[in-house]
Amino acid sequence: MAATAGSAVGLGNIWRLPYEAGVNGGGAFILVFILCIILLGIPVMLSEFIIGRSTHKTIKSALRQLSPKTKIYRFSHFVIIGVLITLGFYSVVCGWVIEYLYQAIVGGLSGHTSSEYTQIFNGFVGNGWQCVGWTIGFLAVNFLVMGQGVQKGIERISSIMMPLLFLFLVVFAVKALFMPGFKDGIEFFLYPDFSKLTMRGVIDAMGQAFMSLSLGAAAMIIYSSYFNDDAPLAKDATIIAGVNTLVGLLAGIIIFPAVFSFGFEPQSGPRLFFEVLPGVFQQMAGGQMWAIMFFTLVFFAALTSTISLSEVVISFFHEECHMSRNSSLALTAVLAIAVASVSAMAFNVLDHVTVFGMNLFDLFNTLSSNLFMLGGGIFTAVFVGWFLDRQIIIDQLSNHGRCNRGIINFTIFALRYIAPVAVIMIFLFSTGII
Ligand code: TRP
């Protein structure tokens, strides 16, 4: 469970949720996000747990076992492509975290004005060597760690780092209480003003909920294939979703008061976290130490997430393509480095390339959550809700009758009806019908 929570808690909560909220108008977005976590996120997480724990297999063989007469298992290919694209943009941000950790160590983050922090960020991502270099450096660490076969270690890192990260976030949130922009920041982030909410915002909130819970990418299927038969799935999913959401909310409670105190734009997008946080540290006694420790914790939170993403692809090659574990790892590393390098170049060498009006990084970022995670999550929901033998769902959620069955009806209802309605809404929206 520690490893599963480690997969969920990552840059998605700390970096992505606040800027998505900023772009989409704040409080109303957060409200929809929380509703998505409860109505879709927890049920979809349970559907992945049901597939994983009932088969003890990874996605393709699990689907083949559960639905032997169909070709549904082919859906796993869509998932693998989605995971590679996710790794592609996510590792770029991990590279930014390393650069900021490095800058914190050498003292490059102290003593600047707000506009200088924007320039520092622009200067860094605009430098192709640096931006691509750190991205590849991060992935190298990721795959070297994975090559050591350190499953136990990952669990241990997660169970130490996560509470520490949480503690840090609480300390910074207390600090935010005393900032001059606190009231404006919190009002923006938490007070729902529905006039600012667009249909695009609703879809982004849904995608954000799936991304932040690591859903729709078969990662939860893999992790739950190791759960023991007594683990109470519904309770675990609720705790993971709760802690994960809380981490995201704390990040926003820190970032928005700072945004309004220092005069940044809440809409500034992926750069928001990196522009705003150095200013927060600057205002704290011992700011450099706080910055070093914080970026280290964020680095580990990101690493436990990329490990779970990479594992999906590695185990796919290993189990489905009959490659050795080492060759699968090497192939995954090459593919991830290729995709990530392209997206790291979106800010420098390839900054003139746009697709649908987005640079390549934004494209991968948006496709990852709004197409692959949502598509994957909803597929799992419909598969489990409509096609899977109901007895398997009941057995898994009640541990063969040993624990509370209360959540079963709600889960089946959500998987059968709420998730498909969500897809239809997305379809109507993206085709321009509504
Ligand atoms: N949930 C992680 C985060 O919030 C990202 C992540 C890790 C992920 N593993 C995943 C997303 C698997 C989708 C699927 O940072």
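When we screen PHE166, PHE182 for residues that are touching a Ser or Thr at 6+ places or on another chain (Cβ under 8 Å) and of a type in the set (Phe, Trp, Tyr), the only hit is PHE182. Scanning the range 319-336 for residues that are assigned to a helix (DSSP H, G or I), more than 16 Å from the ligand (Cβ to nearest atom) and either crowded, with 20+ Cβ neighbours inside 10 Å or at positive phi (or both) turns up SER328, LEU329, ALA333. Within the range 183-202, the presence of a residue that is under 23 Å from GLY375 (Cβ atoms) and under 14 Å from the mean Cα position of the chain (by Cα) is excluded.
With respect to ILE14, is the statement that it is assigned to a helix (DSSP H, G or I), more than 10 Å from the ligand (Cβ to nearest atom), out of contact with any Pro (no Cβ under 9 Å at 6 or more places or on another chain) and not charged (D, E, K, R) true? No: the conditions fail for ILE14.
Among the residues of the range 210-228, some residue qualifies, meaning at least one is more than 16 Å from the ligand (Cβ to nearest atom) and in a loop (DSSP other than H, G, I, E, B). Would you check if there is a residue in the range 376-385 being surrounded by fewer than 20 Cβ atoms within 10 Å (Cβ to Cβ) and out of contact with any Leu (no Cβ under 8 Å at 6 or more places or on another chain)? No, the range 376-385 contains no residue that is surrounded by fewer than 20 Cβ atoms within 10 Å (Cβ to Cβ) and out of contact with any Leu (no Cβ under 8 Å at 6 or more places or on another chain). Just one of the listed residues (SER268, SER343) is surrounded by 16 or more Cβ atoms within 10 Å (Cβ to Cβ), away from the ligand (no atom under 16 Å from the Cβ) and either within 21 Å of the chain's Cα centre (by Cα) or under 23 Å from ASN127 (Cα atoms) (or both), and it is SER268. Remark: pairs (first residue in the range 212-226, among the β-branched types (Val, Ile, Thr); second residue near the ligand (Cβ under 8 Å from one of its atoms); Cβ separation under 8 Å; 6+ apart in sequence or on different chains) = ILE222/SER308; ILE222/VAL312.
Here is the figure for the range 177-200: residues that are surrounded by 22 or more Cβ atoms within 10 Å (Cβ to Cβ) and either of a type in the set (Gly, Ala, Ser) or within 25 Å of ILE378 (Cβ to Cβ) (or both) total 1. Part of a helix (DSSP H, G or I), within 20 Å of PHE227 (Cβ to Cβ) and touching a residue at least 40 places away in the same chain (Cβ under 8 Å): does that describe ILE393? So ILE393 fits the description; yes. Within the range 128-152, take every residue that is touching a helix residue (DSSP H, G or I) at 6+ places or on another chain (Cβ under 9 Å) and outside any helix (DSSP H, G or I) and give me the one that is surrounded by the fewest Cβ atoms within 10 Å (Cβ to Cβ). Here the answer is GLY149.
To keep it simple, each residue is scored yes or no on (1) in contact with a strand residue (DSSP E or B) (Cβ under 7 Å, 6 or more places away or on another chain); (2) within 16 Å of the ligand (Cβ to nearest atom); (3) at positive phi.
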| residue | (1), (2), (3) |
| --- | --- |
| SER7 | no, yes, no |
| TYR19 | no, yes, no |
| VAL32 | no, no, no |
| LEU46 | no, yes, no |
| ILE51 | no, yes, no |
| SER76 | no, yes, no |
| GLU99 | no, no, no |
| ALA104 | no, no, no |
| GLY107 | no, no, yes |
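Every number in this text was worked out from the coordinates using simple rules, so none of it is lab data. This structure is a prediction, so every number in the text was calculated from the model and none was measured. Using ideal geometry, Cβ is built from the backbone for each residue, glycine included, and neighbour counts are taken over all protein chains shown.
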